[in-house]
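The values are calculated or read from the model by the stated rules, or taken from the named source; none is laboratory data. Since the model is a prediction, treat every value here as computed from it, not as a measurement. In this analysis, Cβ positions are derived from the backbone assuming ideal geometry, glycine residues included, and neighbour counts consider all displayed protein chains. Surface accessibility is based on the protein's heavy atoms, side chains included, excluding ligands, DNA and RNA. Shrake-Rupley method; radii C 1.70, N 1.55, O 1.52, S 1.80 Å.
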Amino acid sequence: MKVVLFCGGLGTRIREYSERIPKPLVEVGSRPILWHLMKYYAHFGHKEFILCLGYGGSQIKSYFRNYDECLSNDFVLSQGGKNVELLSKDIDEWRITLVDTGQNASIGERLRRVRHHLGDDEMFLANYADGLSDLDLHAYVDDFVKKDKMACFVSVRVPQSFHIVQADAENHATALQAVADSPIRVNGGFFVLRKQIFEYLNEGEELVVEAFSRLMPKKQVIAVPFDGFWRSMDTFKDKIQLDEILAKGRGPWQLWLP
């Protein structure tokens with residue numbers, strides 16, 4: 001299936017780290033988080049990507065246009081450096097369509113603007129470009145197909161250290177509960193969508209807000225609870241945490257590694 005990735009947001013909460021690059025190009029370890037996410041999908045056999053660009057889109061185009069396989073693969077150098085023999089490749093089998101979908105477009109509008117690149121595919125995958133997971137994508141998609149619904153996404157716990165506060169009428173604190181330990185769940189992305197989604201998505205609208213709101217009363221949207229590894233890189237603190245995970249060895253999302 002084709003994979004639509006939303007890469008056009010401003011990333012305002014992480015711009016304290018860098019105002020020079022778009023968030024999808026912020027590195028986790030030595031590679032952009034976008035690269036990690038695409039490697040994840042490619043691991044499950046989904047190697048045809050549609051990148052919805054906006055803020056910093058030209059930099060994302062340049063990154064892939066000038067992609068150097070030598071930076072992430074072993075190679076043999078000979079003839080004084082004139083000959084380079086790659087021992088493996090990352091993106092050789094990938095097909096990447098890069099589309100400028102506007103600086104300020106909503107997620108839903110970005111999706112509408114790449115609709116023609118999906119062709120006649122009955123289903124496709126979509127995701128934000130700043131989240132990583134060890135979700136078993138094969139089992140996840142198979143379950144979606146069996147349920148015969150219009151859309152699904154993963155429902156995850158909030159991996160934050162904040163506490164939910166309960167208080168009485170006089171503002172005396174009565175209970176504190178870690179958000180991560182609460183029953184509260186949020187939209188974690190990793191969408192699977194049928195092409196009929198466009199019948200419920202109008203110009204300028206948000207995918208989750210308007211389109212899903214029309215489908216939910218029809219019981220056509222599945223929120224799949226997932227308690228495995230899931231992290232989004234929303235702030236500089238999130239980037240540091242992902243770097244620390246990777247520094248300890250294989251990241252949980254790096255399913256392509258032995």
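See the values below:
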{"quantity": "Residue ID - farthest from K237 (Cα to Cα), chosen from residues in the range 133-190 that are among the charged types (D, E, K, R) and assigned to a loop (DSSP other than H, G, I, E, B)", "calculated": "D148"}
{"quantity": "Residue list for the range 223-242, filter: open to solvent by 60 Å² or more (accessible area, probe 1.4 Å) and either acidic (D, E) or touching a residue at least 40 places away in the same chain (Cβ under 8 Å) (or both)", "calculated": "P225, D227, R231, F236"}
{"quantity": "Residue tally, condition farther than 13 Å from F64 by Cα and in contact with a His (Cβ under 9 Å, 6 or more places away or on another chain), over the range 89-98", "calculated": "0"}
{"quantity": "Matching entry among S62, S133, S106 (being hydroxyl-bearing (S, T, Y) and surrounded by fewer than 19 Cβ atoms within 10 Å (Cβ to Cβ))", "calculated": "S62"}
{"quantity": "Test: residue in the range 85-92 that is touching a Leu at 6+ places or on another chain (Cβ under 7 Å) and either of a type outside the set (F, W, Y) or touching a residue at least 40 places away in the same chain (Cβ under 8 Å) (or both)", "calculated": "no"}
{"quantity": "Residue satisfying all of: in the range 65-103; open to solvent by less than 60 Å² (accessible area, probe 1.4 Å) and part of a helix (DSSP H, G or I); modelled with the highest pLDDT among these", "calculated": "E69"}
{"quantity": "Check on F191, modelled with pLDDT of 95 or more and of a type in the set (A, V, I, L, M, F, W, C)", "calculated": "yes"}
